[in-house]
Amino acid sequence: MLQSGGVESHMYQLATKLIDRGHKVIIITHSYKTRHGVRYLTNGLKVYYVPFFVIYRESTLPTVFSFFPIFRNILIREKIDIVHGHASLSSLCHEAILHARTMGLRTCFTDHSLFGFADAASILTNKLLKFTLSDVDHVICVSHTCKENTVLRAALDPSMVSVIPNAVVAENFKPDPTAASKSHITIVVISRLFYNKGTDLLVAAIPRICELHPSVHFIIAGSGPKAIDLEQMLEKHMLQDRVQMLGPVRHEEVRDVMVRGHIYLHPSLTEAFGTVLVEAASCGLYVVCTRVGGIPEVLPSHMTVFSRPEEDDLVSATSRAIKEIRMGRVKTEKFHEQVKSMYSWTDVAERTERVYEGICTGERVGLMERLKRYYGCGIWAGKLFVLCVVVDSLILVLLEFLFPQSGIDTARSWPTKAPRMTDGGGRRDRSKRRGSNVEAVVEEDLNGVREN
Amino acid sequence: MRITILNSPQSITKMFTKPPKLRIRTPSSTTVEFTLSNAPPPTLPHTLLTHFTSLLRLILAATTLLLLLTKFQPPPYSSSIHPLIHPILATFSRFSTSLQWRHLLPASAVLLYVLLFIGGYTEESLVVIRDLGVQITTKTGWSTRSRFIPTERVSDMWICEGFRGFEVRFYLAVVVEGEEGLVVVFPTLLPGRRVLELVWRGARRCLHEPKHIGDGVER
């Protein structure tokens, strides 16, 4: 699935690039059905699939602390300095940041999603986010819209929030001008078919676009609860020969689907960043998208046609894009090089590294200061949070007694290659890193995100 | 013959026993034996002490069993029993009848478990004989388990990491051809990384070194 791998591939790419720059990175996540234990990925990236959710699934409160012993063990054996949490929905990430702070480590948090403020679920999530973020060293957001959203939700000081966008591996998204049809225009849609991805807009807009432009074809990839609506629409308007539904597509195959089209349509209702837009532009597609969330920040205006998130405007924006393509006014063949120069993971890693350096020089806060911060979270929530932190500190004392630090075997790090002579900047950094021994953990909950 | 003794890091589960020690014996140039044991060194006082405590444990266990037996079936106090045993049995019987089942049963169960299974020494060993195979042995208390893997089925030896309780531990494992899982060496004592690396190097050297220096072919 395409977007499903967003956070996951973000972590993987970032970790790989950080390792290239001389850091040591490990990933902690919980185990899947098919995968648990300690694994190594490319480049010596070590992943701990912690098998703990299975045991303590029933209750919530013990889960807050049950992760602590194993987490502490991993942090000590890997000699971790910075804990970097991803994905705001996972409780694992919030717990990890709390425990890391209790252990006196530096923490960083990346927010990948936007949330509302009104409904009950959002209020609860926001409260949880506020809990974690009241005592975190730095926050990274994927777009400026996302930053505004996070600052409001967690009542943060905007100066401690940085914006580092996602990137794409441009080599994996090369355009192929021969793959697309010459006789008709093909519009590609690749997204999970959910309400928030704007599938309802799609259902309403496709028949109208097909009526207006008889030579336009659609390719829709992805699956989800709204797929049935799309199929009903196809049957009702008898568009089966013009709209092709591919079902779920693996991330590796996305490029092959994209290059078959001329226009990429993205009707999403909310989006923090929209990596898929960058991927589409990199494949040389003209992008039609809704002006929501962080999407307007993603691509320069000559690559996109914006619409409001409504049926009429989406139809007219798509028509405009079709017209532009027919007139040959869009230089889509140049998109790939432009995107390549705009988005690279090396750049993301450099910027993340700068954040790490910043939080390492900051002063350390004591327990009382931390408690004060948590207490300010709310009348009831504040007291509850303080209680949690106090219990967490006591557990740490107990763990120090039961599993003393001297009894924990440290793991060997992956043997690193000799520094490359080509990248001077990286080399300088590497030696510096060695001295200060900074390492980072990227940690996240991949539950429900991975589905192929 | 060469003997090395090494300490391995202690974990909480082994808090009340001595940390295991590694002994390496090389009886011949093609054989290595790695023994990991938390038993004290085999000096005379230690041996005597060990035998004495085992005897004491046996006596106490037997007493507990007898107590249970007399409670379950009070002996007939006829004169057919030997006059020396009779007063002992009578005392036991009196004592056991004064106790209630709900106290006696759990207490004796705990006592028996402690006496028979806790605090015994564990000894685990790995014997590598070139061209023949690898033998893994675990001796815990009364039981001895051992497994022999012929050389042609040993495809490799690995040091891996795994979750165990609240910890991530290193373990040495033998990869056996045609088997799904790995065979763990030292499964109960689980020594630390330094010990494992020493064993791993020694075992692999013994298994895979060229037969003769002139051969130049490593298998």
- [ ] Return the pairs, sorted by first residue and then second, in which the second residue is in a helix (DSSP H, G or I) and open to solvent by 90 Å² or more (accessible area, probe 1.4 Å), the first residue lies in segment A:211-238 and is in the same structural domain as residue A:280 (by TED's automatic domain parsing), the beta carbons are less than 7 Å apart, and the residues are 6+ apart or on different chains.
- [x] A:226/A:195
Open item on the list: Condition (residue is within 14 Å of another protein chain (Cβ to nearest Cβ), at pLDDT 75 or above and part of a loop (DSSP other than H, G, I, E, B)) applied to segment B:22-34: is it met by at least one residue?
Closed with: no
TODO: Determine whether segment A:125-137 contains at least one residue that is more than 14 Å from chain B (Cβ to nearest Cβ), over 23 Å from residue A:274 (Cβ atoms) and aromatic (Phe, Trp, Tyr).
DONE: yes
Open item on the list: Restricting to segment A:372-418, name every residue that is more than 13 Å from chain B (Cβ to nearest Cβ) and touching an Asp or Glu at 6+ places or on another chain (Cβ under 6 Å).
Closed with: A:373
Open item on the list: Can you list residue pairs whose Cβ atoms sit under 6 Å apart, with the first residue in segment A:65-76 being within 9 Å of chain B (Cβ to nearest Cβ) and the second being open to solvent by 10 Å² or more (accessible area, probe 1.4 Å) and acidic (Asp, Glu)? Count only pairs 6 or more apart in sequence or on different chains.
Closed with: A:73/B:167
- [ ] Would you be able to say whether some residue in segment A:341-349 is among the aliphatic types (A, V, I, L, M), outside the structural domain of residue A:285 (by TED's automatic domain parsing) and more than 30 Å from residue A:23 (Cβ to Cβ)?
- [x] no
TODO: Could you grab me the full set of residues in segment A:256-272 that are farther than 18 Å from residue A:285 by Cα and crowded, with 23+ Cβ neighbours inside 10 Å?
DONE: A:271, A:272
Open item on the list: What's the number of the only condition in (1) at pLDDT below 85; (2) closer than 22 Å to residue A:402 by Cα; (3) among the hydrophobic types (A, V, I, L, M, F, W, C) that residue A:71 fails to meet?
Closed with: (1)
Task: Condition broken by residue B:171, with the remaining ones in (1) more than 12 Å from every other protein chain (Cβ to nearest Cβ); (2) open to solvent by less than 60 Å² (accessible area, probe 1.4 Å); (3) at pLDDT 90 or above satisfied - done: (1)
TODO: Would you please name the residue that is most open to solvent (accessible area, probe 1.4 Å), looking only at residues in segment A:237-247 that are under 14 Å from residue A:205 (Cα atoms) and out of contact with any His (no Cβ under 9 Å at 6 or more places or on another chain)?
DONE: A:237
Open item on the list: When the residues of segment B:37-55 are narrowed to those that are outside any helix (DSSP H, G or I) and surrounded by 12 or more Cβ atoms within 10 Å (Cβ to Cβ), which ends up modelled with the highest pLDDT?
Closed with: B:37
- [ ] Please report, ordered by residue number, the strands (runs of 3 or more DSSP E) entirely within segment A:69-161 with at least 1 residues that are of a type in the set (A, V, I, L, M) and either in contact with a strand residue (DSSP E or B) (Cβ under 6 Å, 6 or more places away or on another chain) or open to solvent by 30 Å² or more (accessible area, probe 1.4 Å) (or both).
- [x] A:82-86, A:138-141
- [ ] Report yes if residue B:141 is of a type in the set (Gly, Ala, Ser), within 14 Å of chain A (Cβ to nearest Cβ) and surrounded by fewer than 18 Cβ atoms within 10 Å (Cβ to Cβ), otherwise no.
- [x] no
- [ ] Can you give me the number of residues within segment A:185-200 that are in contact (Cβ under 8 Å) with a residue 60 or more places away in the chain, under 25 Å from residue A:282 (Cα atoms) and not polar (S, T, N, Q)?
- [x] 8
TODO: Read through the list (1) small (Gly, Ala, Ser); (2) open to solvent by less than 80 Å² (accessible area, probe 1.4 Å); (3) within 14 Å of chain B (Cβ to nearest Cβ), then give the number of the only condition that residue A:328 fails.
DONE: (3)
Open item on the list: Checking the condition surrounded by 12 or more Cβ atoms within 10 Å (Cβ to Cβ) and in contact with a Leu (Cβ under 7 Å, 6 or more places away or on another chain), which residue from B:108, B:93 passes?
Closed with: B:108
Open item on the list: Quick check on residue A:400: is it part of a helix (DSSP H, G or I), surrounded by fewer than 18 Cβ atoms within 10 Å (Cβ to Cβ), charged (D, E, K, R) and out of contact with any Ser or Thr (no Cβ under 9 Å at 6 or more places or on another chain)?
Closed with: yes
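The values are calculated or read from the model by the stated rules, or taken from the named source; none is laboratory data. Treat the numbers as computed from the prediction; the structure is a model and nothing was measured. Because the Cβ atoms are built from the backbone with ideal geometry, glycine has one as well, and the counts that use them run over all protein chains shown. Remember, those area values only see protein heavy atoms, side chains included, never the ligands or the DNA or RNA. Shrake-Rupley method; radii C 1.70, N 1.55, O 1.52, S 1.80 Å.
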